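What follows is a single structure, written as structure tokens, with notes after it.
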Amino acid sequence: MAVPTTDHPSLANVKGAFPGVSLQATEFRGQTTLIVPASDLHAVMQHLRDDSGCDYNFLSDVMGVDYLNYPAQTPGRFAVVYLLVSYAHNRRLAVKVFLDPSVDTSGIEPDPALQLDSVTDLWPGAEWPEREVFDMYGIRFTNHPDLRRILTWEDFPAHPLRKDYPLRGRGERETYKVLDRKST
């Protein structure tokens with residue numbers, strides 16, 4: 001993946017604070033993205049929040065991405081993207097972490113390779129977006145205070161935003177109990 005040079009002020013700060021970590025950066029349409037190894041995610045995120053030169057005090061969003069059949073080469077099949085805002089410096093930064101599954105993702109068993117440290121201890125507002133990423137993509141967040149499904153029911157057998165999930169589902173519609181206005 002070609003990495004263009006960027007002049008975002010937070011990149012030099014993070015690179016100076018983590019000289020031994022393999023960090024990458026890219027910029028597209030004015031949005032800078034810092035790509036961090038999964039093992040260093042929590043430390044880098046804490047630095048971005050606590051360092052006065054960065055001061056990313058607001059976590060705007062957490063989202064999952066499935067790169068299955070993506071036309072360009074990616075470092076992993078799944079990614080988790082964190083959108084950060086620094087009101088003190090009027091800056092935005094996306095932080096991306098790539099994960100590669102270790103088992104077939106079309107099945108229902110949890111994959112130990114799809115796991116990240118939760119950032120809910122840094123930004124409490126990450127609780128529900130991380131739950132959504134877990135529910136839709138099956139990426140687990142360690143040390144999350146309440147990691148359970150948020151959009152599907154607890155016994156739902158898969159993760160519906162994975163690209164290998166069948167478009168018509170796996171029989172969920174056929175087993176739905178139809179409710180009408182007279183149902184209680």
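Each value in this text was obtained by applying a stated rule to the coordinates, not by laboratory testing. Quick caveat, the model's predicted, so the values are computed rather than measured. Neighbour counts are summed over all protein chains in view; Cβ atoms, including those assigned to glycine, are modelled from backbone coordinates with ideal geometry.
Annotations for the structure displayed:
- Listed residue (Phe18, Ser60, Val44) projecting farthest to the positive dipole end of the chain, Cβ model: Ser60
- Cβ charges +1 (Lys, Arg) and -1 (Asp, Glu), total dipole of the chain, debye: 580
- Whole-percent pair-distance distribution, where bins are 10 Å wide, for the alpha carbons of region 90-158: 19, 49, 27, 5, 1
- For peptides 54-60, 99-105, sequence by mean Cβ density within 10 Å, most packed first: 54-60, 99-105
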